[in-house]
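Chemist: Quick one: the structure is below, questions incoming.
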Amino acid sequence: MAKLPILLYPDPRLHTVAAKVSHVDDKIRQLIKDMSETMYAAPGVGLAATQVDVHLRIIVIDNSDTRDQLRVFINPEILESTGKADCEEGCLSVPGVYEKVARAQTIRVRALDANGEPFELSAEGLPAVCIQHEMDHLEGKVFVEKLSRLKRQRILSRIKKRQREPA
Ligand code: NI
């Protein structure tokens, strides 16, 4: 297993639309292991393949306190979404930034697991928000793009300032 470098906003590669996984093989399973290790080490609750510069429709999520409830979604699709949730979100590609974003409260998702087997699940609250956030990455969207122009500009100038400062 290997930890992978995470792309940082505003890296233009984060705007790539990911392709469907055509076949779940050992190469894909290795990528999932590497993505999981990267997510746990960061530490984060979710990671999309887009964020490690692999443009395939794969996300990994673990919202548990015990950090042992890994969920893998390959080619995820939202079948149904209801209600509204306004949660504070963060992103490993935008470190140090936490903002409220409007999402659906409840979703029903269909995806393939790491064995290529299809499954469906319903999620509510934080896991639902997390799945929607990671699925946005697969469309080339970063959560700060859902904020007002003013907030986004403030975040960008903060990032630029940080990049100018010596580490
Ligand atoms: Ni993110």
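The values are calculated or read from the model by the stated rules, or taken from the named source; none is laboratory data. Keep in mind that what you see is a predicted model, and the values were worked out from it rather than measured. Cβ: placed from backbone, ideal geometry, glycine included. Neighbour counts: every protein chain shown. To get the accessible areas, we keep the full protein, side chains included, count just its heavy atoms, and leave off ligands, DNA and RNA. Shrake-Rupley method; radii C 1.70, N 1.55, O 1.52, S 1.80 Å.
Chemist: Using a Cα-Cα cut-off of under 17 Å, which aspartates and glutamates could be cross-linked to K161, ignoring same-chain neighbours fewer than 8 residues away?
Modeler: D11
Chemist: Have a look at A123, A41, C91 and report the one farthest towards the positive end of the charge dipole of the chain, computed about the Cα centre with Cβ charges (Lys/Arg +1, Asp/Glu -1).
Modeler: C91
Chemist: Which longest run of the chain has no exposed loop site in it, a site being trypsin sites (Lys or Arg not before Pro) in a DSSP loop with at most 13 other beta carbons within 10 Å, and the site itself not part of the run? List each step's numbers first, then the result.
Modeler: Numbers: sites that count: K20, R67, K84.
Here the longest segment lacking exposed loop sites spans 85-167.
Chemist: Classify the chain as rounded, prolate or oblate, taking a ≥ b ≥ c as the square roots of the eigenvalues of its Cα gyration tensor: rounded when a/c is under 1.5, otherwise prolate if a/b is larger than b/c and oblate if not. Let's see the in-between values first.
Modeler: Working: a/c = 1.76, a/b = 1.27, b/c = 1.39.
Oblate, since a/c reaches 1.5 and b/c is not below a/b.
Chemist: Please give the calculated 222 nm ellipticity per residue for the chain, where each DSSP H segment of at least 4 residues contributes -39500 (n - 2.57) and the sum is spread over every residue; nearest 500 deg cm²/dmol? Don't jump to the answer; show the numbers that get you there.
Modeler: On the way: 3 runs with 45 residues, N = 167.
Per the formula, -9000 deg cm²/dmol.
Chemist: Under the classification rounded if a/c is under 1.5, otherwise prolate if a/b is larger than b/c and oblate if not, where does the range 48-125 fall, given a ≥ b ≥ c as square roots of the Cα gyration tensor eigenvalues? Don't skip to the answer; put the middle values down first.
Modeler: Values: a/c = 1.60, a/b = 1.15, b/c = 1.40.
Oblate, since a/c reaches 1.5 and b/c is not below a/b.
Chemist: Using the Cα centre as the reference, give the magnitude of the dipole from point charges on the C-beta atoms of the range 1-119 (Lys, Arg: +1; Asp, Glu: -1; all else neutral), rounded to the nearest 20 debye. Display every interim value, and only then the final one.
Modeler: Details: 14 positive and 17 negative charges, 47 e Å.
Dipole of the range 1-119, to the nearest 20 debye: 220 debye.
Chemist: Relative to the longest principal Cα axis of the chain, at what angle does helix 149-164 sit, 0 to 90 degrees, rounded to 10?
Modeler: With both axes taken from Cα atoms, the answer is about 80 degrees.
Chemist: Let me ask another. Roughly how much of H15 is accessible, in Å² to the nearest 10, using a 1.4 Å probe?
Modeler: Solvent-accessible area, nearest 10 Å²: 90 Å².
Chemist: Would you mind calculating the relative contact order of the range 1-159 from Cα pairs under 8 angstrom and at least 6 residues apart, reporting the percent as a whole number? Present the calculation step by step, with values, prior to reporting the outcome.
Modeler: Numbers: 304 pairs, mean separation 38.5, N = 159.
Contact order relative to length: 24 percent.
Chemist: Okay, next question. Decide, for the range 1-91, between rounded, prolate and oblate: order the square roots of the alpha carbon gyration tensor eigenvalues as a ≥ b ≥ c, take rounded if a/c falls under 1.5, and otherwise choose prolate if a/b is larger than b/c, else oblate. Before the final figure, lay out the partial values.
Modeler: Details: a/c = 1.23, a/b = 1.15, b/c = 1.07.
Rounded, since a/c falls under 1.5.
Chemist: Report, ordered by chain and residue number, the aspartates and glutamates lying within cross-link reach of K100, taken as a straight Cα distance under 17 Å and ignoring same-chain residues fewer than 8 apart.
Modeler: Reachable aspartates and glutamates: D86, E88, E89, E124, E134, D136, E145.
Chemist: Compute, for the range 52-167, the length of the dipole vector about the Cα centre, with Cβ point charges of +1 (Lys, Arg) and -1 (Asp, Glu) only. Units Debye, rounded to 20. Provide the component values of the computation, followed by the final result.
Modeler: Details: 19 positive and 19 negative charges, 205 e Å.
With Lys and Arg at +1 and Asp and Glu at -1, about 980 debye.
Chemist: If you don't mind, there's one more thing I want to ask. List the lysines whose Cα sits under 19 Å from the Cα of K3, skipping any in the same chain fewer than 8 residues away.
Modeler: The qualifying lysines are K27, K33.
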